[in-house]
Every structure is written in C-alpha cells, then in structure tokens.
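One structure below.
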Amino acid sequence: MASREFALIDTYFKGKGHQRKDVVLGIGDDCALLAVSDSTLLAVTTDTLVAGVHFPLDTPARAVGHKAVAVNLSDLAAMGAEAAWVSLALTLPDADDAWLAEFASAVVEVCDYYGVTLVGGDTTRGPLSVTLTAQGKIPAGKQLTRSGAKPGDWLYVTGTLGDAALGLALVQGREQASSDHHEFLVGRLNYPTPRLLAGQALRGVASSAIDISDGLASDLGHILSASHCGANLFLDKLPLSQALLGTMALESAWQLALGGGDDYELLFTVPEAQKGALDTALAHCGVKHSCVGQLRGGEGISYLNHGQTVELDVRGYEHCWS
Ligand code: ADP
Ligand code: MG
C-alpha cells in the first residue's frame, strides 16, 4: 500500500468513532486483535486483489484463487495466529464456468491445506476483484505485533526475497530468465506460501513481526516507526535464491529484495536472549530463516555491505500493472 493510502486511513478512519474496550489492537497492524474471551484473541484481516492492479490480467484463475487466500493467511501468520475461517467477496465481469472452476478449486485447496473453512462472502457483477477476510485465533498475550522491537534486537526474514518481483518482471517481458528459473520465479509471484507455522512458532521468541508484502525496506519501515527504532541492514546477508542471482546482477538483486513486493515472507525481530531459542522454534517449520540486520536507536535504515556503509536509493514498490 502506498504512503498516500496510509495518510488517507489516518485522516478519515483511524481512531474515529466509538472505541470498544475489547479491541486490543485496531487499525495499523497486519490484523486487528479482538478479545473474544479472557483466554483468546481473534485476529482479523482483509485484503483485496484487483485485476490489472494487483495481478496482471492474464494471470491464471488458479493463481488468483491461491494468492487471494495466501496473502490474507500471511497477515494472520505475521501476528502468530492459527488460521481458522475465511470469507470471500467476489466481483466478476461474467460467470465464466471454466475460470470459476479453476479459481474455486485453488481457494478450496489452500483452505484445506491450512485447515481453514470458507464460511461466507458475497458475489457481485463488475470488474474482476477478489476480497478475502481471514480470521484466526491467538492465545491472549501471545500476539506478535509491529511495535515490540527494541534497539539491539536482531532482524530476521524467512525464505528468500525478491523472487516474486522478478517473476512479475518476467511475465511482463521486462526481464528474461532460463526456463527453470522462470518457472520458479513466476511460481513465487503467483503461489506465495503463507508462513503460518513459523508465525506460531515465533510466539514468545520474536519481539515484533510483519509480513513482507510491499518490499523489505517498506515493511521494515513499519516495524521501525511502530517500535521507535532505527536499523542496520546487512546487504551481504540478504537471502537471495539461485534463480534471482542467476538472472540479475547483485545490485539489481538487492533492489528487488529490498523494494520489490509480493514476497509474503515474515520479517521479525528477536532479542539477544532469545537467539538460542529461535533455531529450535523454527526447526520444524520447513522454511529457513536468515539474520539480515540489527535494530539500533534513532530512525531509518542504514545499509551495510560486509560492514561498509552503502548509499542505496531503494526504489519503492507500487502496484501499477493496468
Ligand atoms: P497489510 O499490507 O498488512 O494487509 P495494509 O497496508 O493493507 O496492511 O493496511 C494497513 C492497516 O490499515 C491495516 O491495519 C488495515 O487493516 C488498515 N486499513 C486499510 N484500509 C482501511 C480502511 N479502509 N478502513 C480501516 N482500516 C483500514
Ligand atoms: Mg501484512
């Protein structure tokens, strides 16, 4: 989401109207957190994918269905939630059976895989747009938020970064890659993996977390402003896939890893005292994690390559595919 839209939400919606006592966390994090009992928080998130804006018009129906569910589950993962329910609001230009069959089977498959049930939604006619609301559960007090990081905490990411942004460049014909790399990179764009197990495993270990939807630099910025910290980011430690490194020069790969969107990996901070617990916590999650920096006082991000300061102008990520 662009900074213009954040300003719009702050001006017109944030903190307006009646504020209920059971809203533990309202607008401004990956999910809202609602106290439904003394022991359980309900985590709620909504994300919309608009054709031609959030995915290219010729994206396979299967990919649209997968991605719509996955990006919402990714926001639940960022809070440490267990995913439970989704609602699907679908706006369709016309009822194309072949498209719908593919789309629906992907939605059902992803829900099945993560033990989530589709419980409702809405269907309307108009330009293709998919809105999902996902809900999950967190034991009270165990939530991960953007605001708990402290100077000295270490900064980690799951998986690899920049692959989806290169995948988008490939489908748009802006870059070319070998056929093996092409398949992997476009797969990372169309079929993101929400890190739900990792998010839950980080309860009690991470001091803050967010999912990377708009690029590492931008999403780290949200942790830094919510936690009132700055960060040193180690460029030489960025986890870059063989496919990315085999296709781009190193500096371009950094740009995609920092400014490219759609990774849906987790970015989180861990206090020094919890560093030992981290490897054990994530051992069975099926995803690697990499230490990519450390928080400090002050504000903003400093980029370092093998300890040397590097001036980098990270090009931000805007959805603009129409
Ligand atoms: P994410 O990328 O994690 O899905 P967003 O950047 O889309 O988060 O949104 C930032 C915050 O603003 C979230 O807490 C979201 O719920 C909230 N938000 C976005 N749009 C609106 C809106 N129209 N009204 C109220 N809250 C909104
Ligand atoms: Mg998010």
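Quick note: the coordinates plus some simple rules give every number you see, no bench work behind them. Note that this is a predicted model, so its numbers are computed, not measured. Neighbour counts run over all protein chains shown; Cβ positions are idealised from the backbone, glycine included.
Taking H54, H66, H18 as the candidate residues, the one with maximal mean-square fluctuation in a Gaussian network model of the chain, Cα springs under 10 Å, is H18. Only helices enter this figure: runs of n ≥ 4 DSSP H residues, each worth -39500 (n - 2.57), summed and divided by the residues of the chain, yield -10000 deg cm²/dmol at 222 nm to the nearest 500.
For segment 147-193, dividing the convex hull volume of the Cα atoms by the residue count gives 119 Å³ per residue. Excluding the site residues themselves, the longest part of the chain lacking any trypsin sites (Lys or Arg not before Pro) in a DSSP loop with at most 16 other Cβ atoms within 10 Å is 22-141.
Fraction of C-alpha pairs exceeding 20 angstrom in segment 1-156: 56 percent, rounded to a whole number. Look at the alpha carbon pairs under 8 Å that are at least 6 residues apart: their mean separation over the length of the chain gives a relative contact order of 22 percent. Using a Gaussian network model of the chain in which every pair of alpha carbons under 10 angstrom is joined by a spring, one finds that among D236, D29, D163 the greatest mean-square fluctuation is at D236. Here the chain is treated as a Stokes sphere of Kirkwood radius computed over C-alpha pairs; at 4 °C and 1.567 mPa s its diffusion coefficient rounds to 64 µm²/s.
Of the GluC sites (Glu not before Pro) in segment 205-314, the ones in a loop by DSSP (not H, G, I, E or B) with at most 14 other beta carbons within 10 Å are E299, E311.
A simple spin-label model places the labels of E5 and R174 1.7 nm from each other, with each point 7 Å out along Cα-to-Cβ. For segment 71-219, the equivalent ellipsoid derived from the alpha-carbon gyration tensor has semi-axes of 29, 23, 13 Å in decreasing order. When only Cα pairs below 8 angstrom with a gap of at least 6 residues are kept, segment 143-225 shows a relative contact order of 44 percent.
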